[in-house]
Structures are given as structure tokens and as C-alpha cells.
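The values are calculated or read from the model by the stated rules, or taken from the named source; none is laboratory data. Because the structure is a prediction, the values reported are computed rather than measured. Note: ideal-geometry Cβ built from the backbone for every residue, glycine included; neighbour counts use all protein chains shown.
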Amino acid sequence: MKQLPDEKTLLELLELAKDAEKKAKELCDLATEIDEKWRVRLEERSVARPVKSGN
């Protein structure tokens, strides 16, 4: 039967998981900020230059 890791190892793994979660959240927040910034710019551009129809 497989042995479970000792408590020290489990605590280290827990800390690594918490750090990874924090970094993932920071990256997600950054991606959201970039998305919002560019979405606004593109919307402003499309309002400033309406798309011409091919008629």
C-alpha cells in the first residue's frame, strides 16, 4: 500500500498551492484589465470610424 506524505510535506504542498492560486488570480486580474482597456479603445475607434457598407 502506498504511503501518504508526512505532515511537513503536505504543508509545503499546501503553501505551493496557495502561492500558485495567488499568482493565477493576479494574472487573471491583469488579463481583465488589459481586456477592458482594449475593449474601450476598440469601441471608441468603431464609433469614430463607422464601417462603410458595400452598396
With modelled with pLDDT of 95 or more, of a type outside the set (Val, Ile, Thr) and more than 30 Å from the chain's Cα centre (by Cα) as the only criterion, which of LYS2, LYS23, LYS8, LYS52 stands out? LYS8
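Does region 1-14 hold any residues that are surrounded by fewer than 10 Cβ atoms within 10 Å (Cβ to Cβ) and in a helix (DSSP H, G or I), and which are they?
Initial filter on region 1-14 (surrounded by fewer than 10 Cβ atoms within 10 Å (Cβ to Cβ)): 1-4, 6-8.
If the condition is that a residue be surrounded by fewer than 10 Cβ atoms within 10 Å (Cβ to Cβ) and in a helix (DSSP H, G or I), then GLU7, LYS8 are the ones that fit.
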